[in-house]
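J.: Provided herewith is a single structure, encoded as structure tokens, for subsequent inquiry.
A short reminder: the numbers here are calculations on the coordinates, not readings from a lab. As the structure is a computational prediction, the values presented were derived from the model and not from experiment. A quick note on method: Cβ atoms are made from the backbone with ideal geometry, for glycine too, and the neighbour counts reach across all protein chains shown.
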Amino acid sequence: MLGATANTILPTTITGSLPRPSWYTENLGQRSFLAAMVETRFREQYEDALAVYLTQQDVAGLDIFSDGDVRFTQDIGGQSWTSYPPFHMEGFDGTPRRAPAGGGGIAFPRGHILHDYIEARMMPTIVGPIGRGNLQYAEMWKAAQRMTHKPVKFGTVTPELVAFAVQDNYYKDIRERIWAISDAFNEELHALADAGCPVIQMEEPQVHLLAARGVVDDVINPEYMLKVFNNTVRGLRDKTEVWCHTCWGNPSQQRMFAEIQTYKPALEILNRVDADVITFESVSSGGMDLAAIGEHITDMKITIGVIDHHSLQVERADAVADHIRTALKHIPAERLAISSDCGMGREGMSRRHAFYKIGALVQGTNIVRKELGAPEAVCLLADPRYTLTM
């Protein structure tokens, strides 16, 4: 159900995560969100960080905001993106243990920065039937949405990534485990939609990653991942706008593959996800898949990344505009949205870099909006009236 992107030409947003302020030293950890918000120090830091994230997005001029993944712990490689659900859902024992080596097909040699990412993956074990538990997504979204009139998008990891990363002493096989997590997510996401969340973003379904790795396993394969995605968002599009976020990973702002990957092997399947909007990395691959994306993704809105989350180089507005113009050769303006390739991360770049990257995203989009005769966003960051030097 299109809502947040319904009446805007080239709506702008970012994927989700933003660098944490150095003074934000509290962590949610394994506590429930509502229990942690009772504590004065945590609540103050959490709400202050939220206010910073939302204000910077407003000053830059984004149309759809993110909470910056403020709920997640400051950890190696952003592990809590994956570990938050199992530590807050029913059916897990709550005891951190080393996750299965190479879970989800990921492995890196000792001496590589991403070996730390694998070493730091500590997960609980499944010991009983999985339920939604204390995820409290609706409450987290409310904490952000009540600070702004702009729509706040809420993102979550997909169930298969959780299933790949945990030990299981209860379910008979990986498919049963994934499906149980998917059903529990669906219940939680309906509570989030019922609370009024305007955009729910499912992050990193494994369709394209399995296709890129050439996985043709009879059990785990891109077609099954499509079924999992559609089950997880079952019924949500009657209530809210559903986004399917795809990228190639960014722990510690690192590329997960030695070579730039293509979406082409997965586009036919991705065209069947039950979503309103689907996102693609684009600028970090030089836009090499834009023509294929425009050809194969025929009904959904398409969001392209114009900001490279791997690089500290702040993009120029004219370069952002050029990338959007290239995309418009293949994707109609009424079906195109603009974002970052992936999240800015909580440890990989400074807050200042992220802020100016967001500003470049909006300024570049405004150049193209003006060319199309569409309304431009107010970007206070670039307003000459407010510069500190003349």
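J.: If a cysteine in the chain has no other Cys Cβ under 4.7 Å from its own Cβ, put it on the list, ordered by number.
T.: So far as the 4.7 Å Cβ criterion goes, Cys197, Cys244, Cys379 stand without a partner in the chain.
J.: His115 to Ala291: extension gain in nm, 0.36 nm per residue of separation minus the Cα-Cα distance?
T.: Result: 59.8 nm gained on full extension.
J.: Return the ratio Rg/(2.2 N^0.38 Å) for the stretch 165-306, where Rg is computed over Cα atoms only.
T.: In units of the globular-protein estimate, the stretch 165-306 measures up at 1.08.
J.: May I pose another question? Gain in length, Asp322 to Glu259, computed as 0.36 nm per residue apart minus the alpha-carbon separation, to one decimal in nm?
T.: Working it through step by step, the gained length comes to 20.3 nm.
J.: Moving on to the next point. Pick from Thr279, Thr156, Thr55: which is most flexible by mean-square fluctuation in a GNM of the chain where alpha carbon atoms under 10 Å apart are linked?
T.: Fluctuation is largest for Thr55.
J.: State the answer as a single residue: which of Ile324, Ile126, Ala291 lies farthest towards the positive end of the charge dipole of the chain, with beta carbon charges of +1 for Lys and Arg and -1 for Asp and Glu, about the Cα centre.
T.: The residue sitting most towards the positive pole is Ile324.
J.: Please provide three numbers in whole Å: the alpha-carbon extents of the stretch 196-250 along the principal axes, with the largest listed first.
T.: 39, 26, 9
J.: Right, next: Report the longest stretch of the chain that contains none of the trypsin sites (Lys or Arg not before Pro) sitting in a DSSP loop with at most 11 other Cβ atoms within 10 Å. Display every interim value, and only then the final one.
T.: Details: sites that count: Arg110, Arg146, Lys172, Lys329.
For trypsin sites (Lys or Arg not before Pro) (loop position, at most 11 other Cβ atoms within 10 Å), the longest site-free span of the chain is 173-328.
J.: Sticking with this structure for a sec: Calculate how steeply helix 351-372 sits against the longest principal axis of the alpha-carbon atoms of the chain, using the helix alpha-carbon long axis, and give the answer as 0 to 90 degrees to the nearest 10.
T.: 50 degrees
J.: Quick one, can you get me the convex hull of the C-alpha atoms of the chain expressed as volume per residue in Å³?
T.: Spread over its residues, the Cα hull of the chain gives 135 Å³ apiece.
J.: Also, quick follow-up: Along the charge dipole of the chain, Cβ charges K/R +1 and D/E -1, which of His245, Ala275, Gly16 sits furthest on the positive end?
T.: Positive-most Cα among the choices belongs to Gly16.
J.: Now a separate question. Evaluate the distance, in nm, between pseudo-label points positioned 7 Å from the Cα of Lys370 and of Ser350 along their respective Cα→Cβ axes.
T.: Using points 7 Å along Cα→Cβ, the separation is 2.9 nm.
J.: So what's the gap between the Cα centers of the stretch 331-388 and the stretch 147-220, to the nearest angstrom?
T.: Here the two parts' Cα centres lie 29 Å apart.
J.: Additional query: Using the alpha-carbon atoms, what tilt in degrees (0 to 90, nearest 10) does helix 317-328 show relative to the longest principal axis of the chain?
T.: Tilt relative to the chain: about 70 degrees.
J.: Sort all Cα-Cα distances of the stretch 227-362 into consecutive 10 angstrom bins from zero, then give the percent of pairs in each bin up to the one containing the longest distance.
T.: 12, 41, 35, 12, 0
J.: What is the extension gain from Ala35 to Thr95, computed as 0.36 nm multiplied by their sequence separation minus the C-alpha to C-alpha distance, in nm to one decimal?
T.: Full extension of this stretch gives 19.7 nm more.
J.: How large is the Kirkwood hydrodynamic radius of the stretch 1-153, counting all unique pairs of alpha carbons, in Å?
T.: This gives a value of 17.3 Å.
J.: Hey, rough spin-label estimate for Lys172 and His149, points 7 angstrom out along Cα→Cβ, what's it come to in nanometres?
T.: Spacing of the two 7 Å Cα→Cβ label points: 5.7 nm.
J.: Helix 174-194 against the longest principal axis of the chain: what's the angle in degrees, Cα atoms only, rounded to the nearest 10?
T.: So the helix axis and the longest Cα principal axis differ by about 50 degrees.
J.: Of Gly235, Gly345, Gly78, which is the most mobile in a GNM of the chain whose springs link Cα atoms less than 10 angstrom apart?
T.: Gly235
J.: Lys and Arg at +1, Asp and Glu at -1: add these up for the other residues within a Cβ distance under 15 Å of His296 and post the number.
T.: Net charge in that neighbourhood comes out at 0.
J.: Would you please state the base-10 log of I(q)/I(0) at q = 0.24 1/Å for the stretch 310-376, with intensities from the Debye formula using one equal scatterer on every alpha carbon?
T.: For the stretch 310-376, the Cα-only Debye profile gives -1.04.
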